[in-house]
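The values are calculated or read from the model by the stated rules, or taken from the named source; none is laboratory data. Because the structure is predicted, anything quoted here is derived from the model rather than measured. Reconstructed Cβ throughout: ideal geometry from the backbone, glycine too, with neighbour counts over all protein chains shown. Remember, those area values only see protein heavy atoms, side chains included, never the ligands or the DNA or RNA. Shrake-Rupley method; radii C 1.70, N 1.55, O 1.52, S 1.80 Å.
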Amino acid sequence: MPLGSPLTELVLLAAGVGLLYLGAELLVSGARELALAIGLKASTVGVTVVAFATTAPELFVAVLGALTVSTDIGLGAIVGSNIANVGLVLGVAALIRPLEVSDTVLERHVPFMILAAFLLVALGWDGRIGPREGVVLLVALVGFTVVVLRRIQRTQAGITAVEREGMPDASPRDVAAVVGGIVALVL
């Protein structure tokens, strides 16, 4: 199979889809087990570990695109991914099983999502997102992460020793699943 032939491209596409599936399965199962082991809610793990890990492919595409092809590829991947996450992923998941939206998500996480979308529009209004705008976006991300981590610390402080005894222990297998999932997603 010569490189660039339609058959090679189909094999690479199938391998990519397979790695995406495997990576998602490993990441979700490992993150779920780690969350239970340390007493976190699934939504907290979702907006931290899983969110950062599943963003790795877009980050890779954006950086690679900026270095080699075009910055438009990275921006398109990010905007398209967010639209697909909200429309496709939530839509399909809701078709399978109704999703419960907690007050925490609505009050604490959704405003940051709206802020991120607003910042993208406002900072890119002049047709360019440069280093200064990048710093603003990164500061917003750090702010969100700090808010989530502080909330985790407050929540963790409220777990009693008896409750901790009933929780499973984190295993190296769970950590390996998360790391393996991230690697597969990036590949």
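Considering the conditions (1) at pLDDT 80 or above; (2) out of contact with any helix residue (DSSP H, G or I) (no Cβ under 6 Å at 6 or more places or on another chain); (3) more than 22 Å from E100 (Cβ to Cβ), I78 is excluded by exactly one of them, (2).
Cβ-Cβ contacts under 9 Å between residues 6 or more apart (or on different chains), taken from a first residue in the stretch 3-25 that is under 17 Å from T54 (Cβ atoms) and modelled with pLDDT of 85 or more to a second residue that is open to solvent by 90 Å² or more (accessible area, probe 1.4 Å) and not in a helix (DSSP H, G or I), are listed as G16/L187; L19/L187; G23/L187. When the stretch 95-134 is filtered for residues that are at pLDDT 90 or above and of a type in the set (D, E), the ones remaining, listed by number, are D126, E133. Among what's in the stretch 135-167 and is open to solvent by less than 90 Å² (accessible area, probe 1.4 Å) and of a type in the set (S, T, N, Q), pick the residue that is modelled with the highest pLDDT. Here the answer is T145.
Within the stretch 59-87, restricting attention to residues that are of a type in the set (S, T, Y), farther than 17 Å from P131 by Cβ and part of a helix (DSSP H, G or I), which residue is nearest to the chain's Cα centre (by Cα)? Restricting to residues being of a type in the set (S, T, Y), farther than 17 Å from P131 by Cβ and part of a helix (DSSP H, G or I), the top hit is S81.
Would you please name the residue that is nearest to A117 (Cα to Cα), looking only at residues in the stretch 63-76 that are open to solvent by 30 Å² or more (accessible area, probe 1.4 Å) and in contact (Cβ under 8 Å) with a residue 12 or more places away in the chain? Give the derivation first.
In the first step, residues of the stretch 63-76 are kept if they are open to solvent by 30 Å² or more (accessible area, probe 1.4 Å); the result is 63-64, 66-73, 75-76.
From what is left, the residues that are in contact (Cβ under 8 Å) with a residue 12 or more places away in the chain are 73, 75.
Working: I73: 18, L75: 13 Å.
Ranking the qualifying residues of the stretch 63-76, first place goes to L75.
Within the option set L95, L34, L99, being assigned to a helix (DSSP H, G or I) and touching a Leu at 6+ places or on another chain (Cβ under 9 Å) holds for one residue only, L34.
Of the set (1) of a type in the set (G, A, S); (2) farther than 28 Å from S29 by Cβ; (3) part of a helix (DSSP H, G or I), all apply to A51 but (2).
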